[in-house]
Ligand code: FPP
């Protein structure tokens, strides 16, 4: 299928909010100040996505690999998530935003799991933007969980190996029911995917922006979308003029 991206707005935008530490270092501030400012940029990005009519926004708030950071930074990031939920969920709910959390909840502190569940439950019937928070998320781990669940069904005689299709695998991922991202934005100049939505990004357009995440503004978001609109999405097919 060939689709000129220029006429199709991105339904789903995924963001890797990178560069908080460098933003802080450049100002002689502790890394935690960068994360704090990152939350402000996140609030702005959610507002922008909502106003632009984007249907799904996925944010990488804490990766499965982030546990290897110094203990004090991990504790700070966990507290930031707690505070973000406590302070912002009511307002997100009022703005008709639906929250969904992806990632592994096993082994997380129980109050965090309760907060994540509360925010999903409170907002589940909202019909505006779906904000997908990737927390303790790693794509390889997600795919391994899906593989384990399929293998268990095969072992129980509920599934024939012949029935394992890409659609079946997608239906066992945390993102079941969510369309694949059209656009992935990574800030701070790094050009990597870092174990984020590996399955889901098979045909996603990537836009890398130089700014660190705390400097990501509405204008940066609009520019990334403009860049996406200039791309031609072929999904493995041929260019429009040669089809
Ligand atoms: C990457 O910057 C950012 C993170 C690992 C955390 C992202 C978190 C936020 C933007 C705020 C928290 C959001 C919620 C919902 C709690 P980095 O630390 O890797 O920066 P660096 O590459 O410059 O060191």
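Scanning segment 176-192 for residues that are surrounded by fewer than 19 Cβ atoms within 10 Å (Cβ to Cβ), touching a residue at least 12 places away in the same chain (Cβ under 8 Å) and more than 20 Å from residue 130 (Cα to Cα) yields a count of 3. The one condition from (1) closer than 25 Å to residue 232 by Cβ; (2) in a helix (DSSP H, G or I) that residue 210 does not meet is (2). For residues that are over 20 Å from residue 69 (Cα atoms) and in contact (Cβ under 8 Å) with a residue 40 or more places away in the chain, scanning just segment 27-46, find the one that is surrounded by the fewest Cβ atoms within 10 Å (Cβ to Cβ). Per the stated criteria, the residue is 40.
Being assigned to a helix (DSSP H, G or I) and surrounded by fewer than 17 Cβ atoms within 10 Å (Cβ to Cβ) is the filter here; which residues of segment 113-127 pass it?
First, the residues of segment 113-127 that are assigned to a helix (DSSP H, G or I): 113-123.
Correct list: 113, 114, 117, 118, 120, 121, 122.
Looking only at segment 183-198, count how many residues are touching a helix residue (DSSP H, G or I) at 6+ places or on another chain (Cβ under 7 Å) and in a loop (DSSP other than H, G, I, E, B). Give the derivation first.
Filtering segment 183-198 for residues touching a helix residue (DSSP H, G or I) at 6+ places or on another chain (Cβ under 7 Å) gives 183, 185, 187-188, 195-198.
When the remaining residues are screened for being in a loop (DSSP other than H, G, I, E, B), the result is 187-188, 195-198.
Adding up the residues that qualify gives 6.
Looking across segment 193-204 at every residue that is closer than 18 Å to residue 171 by Cα and under 14 Å from the mean Cα position of the chain (by Cα), the one that is surrounded by the fewest Cβ atoms within 10 Å (Cβ to Cβ) is identified as 198. The selection criterion, being closer than 27 Å to residue 21 by Cα, at pLDDT 95 or above, more than 18 Å from the chain's Cα centre (by Cα) and away from the ligand (no atom under 16 Å from the Cβ), holds for residue 227. Taking (1) on the phi > 0 side of the Ramachandran plot; (2) more than 19 Å from the chain's Cα centre (by Cα) in turn, residue 189 satisfies each apart from (2).
The values are calculated or read from the model by the stated rules, or taken from the named source; none is laboratory data. Being a predicted model, the structure only gives us computed values, none of them experimental. Quick reminder, even Gly has a Cβ in these numbers, built from the backbone with ideal geometry, and neighbours come from all protein chains shown.
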